[in-house]
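A short write-up of the structure that comes next.
We did not get these values from a lab; they are worked out from the coordinates using the rules stated. Keep in mind that this is a model prediction, so the values were computed, not measured. Counting neighbours? That spans all protein chains shown, and the Cβs are built from the backbone with ideal geometry, glycine included.
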Amino acid sequence: MKSSPQSADITPIDVVRSGIIAQTTAVVVKVGTRVLTGPDGRLDGHRIGVLSEQLARLADSGRQVVMVSSGAVGAGVGKLGLRCRPTGLAQLQAVAAIGQTDLIQAYERSLSRMGRHAAQVLLTATDLRRRSGYLHVRNALTQIHAYGAIAILNENDSVSVGELMTTFGDNDKLAASVSGLLNRALLVILSDVEGLYDGPPTEPTSRRVSLVRELTPEIFALVRDTASTTSKGGMASKLYAAEVATSQGHPTIIAPGRDDTVLDKIFEGRDVGTLFLPNARHVRGRRRWIGSAAHVEGHLLLDDGAVRAVVDRDSSLLSIGIRSVSGQFGRGAVVSLRDSQDREVARGLTNYPSEEVVKIAGLPSDRIAEVLGHRPYEVVVHRDNLVVIGA
């Protein structure tokens, strides 16, 4: 019998799960179109009902609860009686706008039976890229919770071009970014499969991976995605979302969304879905925003020595370690630090604009003033404003 990757450990899995649940004070649940709609493309009222009941029970436990819900386009497709998901941008925007009303009304009806209200929050990636916007969203979610309501978030499909036109939608990533806004949060991604498998889910020899301690290339190699006419998500998107969330210190569970009591089971500590443990070395506060939500405005290609200094020794980035610069950016912009294979290894706030970084790239710090005529900073990216990706 083949063993599931990373599932064996001296600590029993049920103990690990129970410990995670005991520490959780906030829950971000993401549910996709495939789970929320039936074969006819219309919203599944039963599914929204049972999910809403479980969300209310979680809120009754004192935890802050946020639902990131897809389904607007799928709801619109069903409501309009369309045969398939449109491909044109204008049509997609219109269908999303029409379907969003049904989506939020369905949550409101179900939650009101449990004595709570649904608070609609529509976001685009830009809302979280600015530090001020990031904080405003966090404050709004906190106040919604204080009023006893449950926030229902969705990517603003009616205006967000990238979300509608890409193969893998942003709601998985959005959910991961939202989890970064909250303290001691658990991210739960509800899927149309039982979790991550060690082979094709349809093969009888494949087994569900119960626990992933680290998201390695071997884990990503397990992904098997299928096409859908209504859903843009897939297991690859969910793994990347788990990578973002766990890098911020948030455990993540990919679980079967069509199980009527899936959230109840998770919070009973039962072995449901696949649990991804948070990184021991995770980021907080402003560095969390830099690593997960901020807009990247340029790339700096580093030599091997600089990569080792930044990644292994938690050092600042010096100008001498920069090989090349791409993009135009100002002082204080978020830049991606990349290795010789053009793989992103870190992100950070640059102390110099792009035109100055080009001039000092490859030079020792004591020559910055000679070249630029001034040297306000000895480093290009300070370690306090730097986040190692995946660390």
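What does the net charge come to around VAL272 if you take all other residues with beta carbon closer than 13 Å to its beta carbon, with K and R at +1 and D and E at -1? Numbers along the way, then the final one.
Details: positive: ARG17, ARG208, ARG258, LYS265, ARG270; negative: ASP14, GLU194, ASP259, ASP260, ASP264, GLU268, ASP271.
Counting the neighbours of VAL272, the net charge comes to -2.
Tell me which aspartates and glutamates have Cα within less than 17 Å of LYS359's Cα, excluding those fewer than 8 residues away on the same chain?
Result set, ordered by chain and number: ASP303, GLU370, GLU378.
For the chain, what is the charge dipole size about the Cα centre, in debye to the nearest 20, if Lys and Arg each add +1 at the Cβ and Asp and Glu each add -1 at the Cβ?
Working: 45 positive and 41 negative charges, 120 e Å.
It comes to approximately 580 debye.
Out of all DSSP beta bridges in the chain, what portion is antiparallel? Express it as a percent rounded to 5.
On the way: 18 of 51 bridges.
The antiparallel fraction comes to roughly 35 percent.
From zero outward in steps of 10 Å, how is the percent of C-alpha pairs of the chain spread across the bins?
5, 22, 29, 24, 13, 5, 1, 0
Quick check: pseudo-label points 7 Å beyond the Cα along Cα→Cβ at LYS359 and ARG375, how many nm apart are they?
1.4 nm
Which cross-chain or sequence-distant (5 or more) residues have an amide H under 5 Å from the amide H of LEU337, H modelled 1.01 Å from N in plane?
LEU300, VAL345, ALA346, ARG347, GLY348
Sorted from largest to smallest, which semi-axis lengths in Å does the alpha carbon gyration tensor of segment 295-388 give for its equivalent ellipsoid, taking the root of 5 times each eigenvalue? Let's see the in-between values first.
Numbers: eigenvalues 65, 40, 30 Å².
Over the Cα atoms of segment 295-388, the ellipsoid semi-axes are 18, 14, 12 Å.
I'd like the Karplus ³J(HN,Hα) series for segment 300-310: coefficients 6.51, -1.76, 1.60, θ = phi - 60°, whole numbers in Hz, and an x wherever there's a Gly or Pro.
Taking θ as phi minus 60°, the curve returns 10, 8, 9, 7, 4, x, 5, 4, 5, 5, 6 Hz for segment 300-310.
Viscosity 0.890 mPa s, temperature 25 °C: what is the translational diffusion coefficient of segment 67-139 from Stokes-Einstein with a Kirkwood Rh over Cα pairs, rounded to a whole number of µm²/s?
Details: Rh = 13.9 Å.
Stokes-Einstein gives a translational diffusion coefficient of 176 µm²/s.
List the lysines whose Cα sits under 17 Å from the Cα of LYS238, skipping any in the same chain fewer than 8 residues away.
Excluding near neighbours in sequence, the set is LYS30, LYS173.
Relative contact order for the chain using alpha-carbon pairs under 8 Å, separation at least 6, rounded to a whole percent? Don't jump to the answer; show the numbers that get you there.
On the way: 811 pairs, mean separation 61.8, N = 391.
Normalised by residue count, the contact order of the chain is 16 percent.
Hey, what D do you get for segment 42-102 in µm²/s if you plug the Kirkwood alpha-carbon radius into Stokes-Einstein at 37 °C and 0.692 mPa s?
Numbers: Rh = 12.9 Å.
Rounded to a whole number, D works out at 254 µm²/s.
Could you list which residues have their amide H under 5 Å from that of GLY249, counting only those 5 or more apart in sequence or on another chain, with H placed in the peptide plane?
Under 5 Å from the amide H of GLY249 lie the amide H atoms of ASN279, VAL283, each far enough along the sequence or on another chain.
Please list, in order along segment 363-373, the HN-Hα scalar couplings obtained from phi with the Karplus expression 6.51 cos²θ - 1.76 cosθ + 1.60 (θ = phi - 60°), rounded to whole Hz, x for Gly and Pro.
Values per residue, Gly and Pro as x: 9, x, 4, 6, 9, 4, 5, 4, 7, 8, x Hz.
Taking one equal scatterer on every alpha-carbon of segment 1-113, how large is log10 of I(q)/I(0) by Debye at q = 0.21 1/Å?
Summing over Cα pairs of segment 1-113 leads to -1.05.
Could you list which residues have their amide H under 5 Å from that of TYR197, counting only those 5 or more apart in sequence or on another chain, with H placed in the peptide plane?
VAL209
Go ahead and set up a Gaussian network model of the chain, Cα springs under 10 Å, then flag whichever of LEU302, LEU82, LEU187 fluctuates most.
LEU82
Okay, helix-only estimate at 222 nm for the chain: each DSSP H run of n ≥ 4 adds -39500 (n - 2.57), divide by all residues, round to 500 deg cm²/dmol; what do you get? Mind showing how you got there, number by number?
Working: 16 runs with 151 residues, N = 391.
Value at 222 nm, helices only, nearest 500: -11000 deg cm²/dmol.
Students often check this: by mean Cβ neighbours within 10 Å, which of 94-100, 199-205, 172-178 ranks highest, and how do the rest follow? Present the calculation step by step, with values, prior to reporting the outcome.
On the way: 94-100: 21.4, 199-205: 11.1, 172-178: 27.6.
Per-residue Cβ counts within 10 Å, averaged per peptide and sorted highest first, yield 172-178, 94-100, 199-205.
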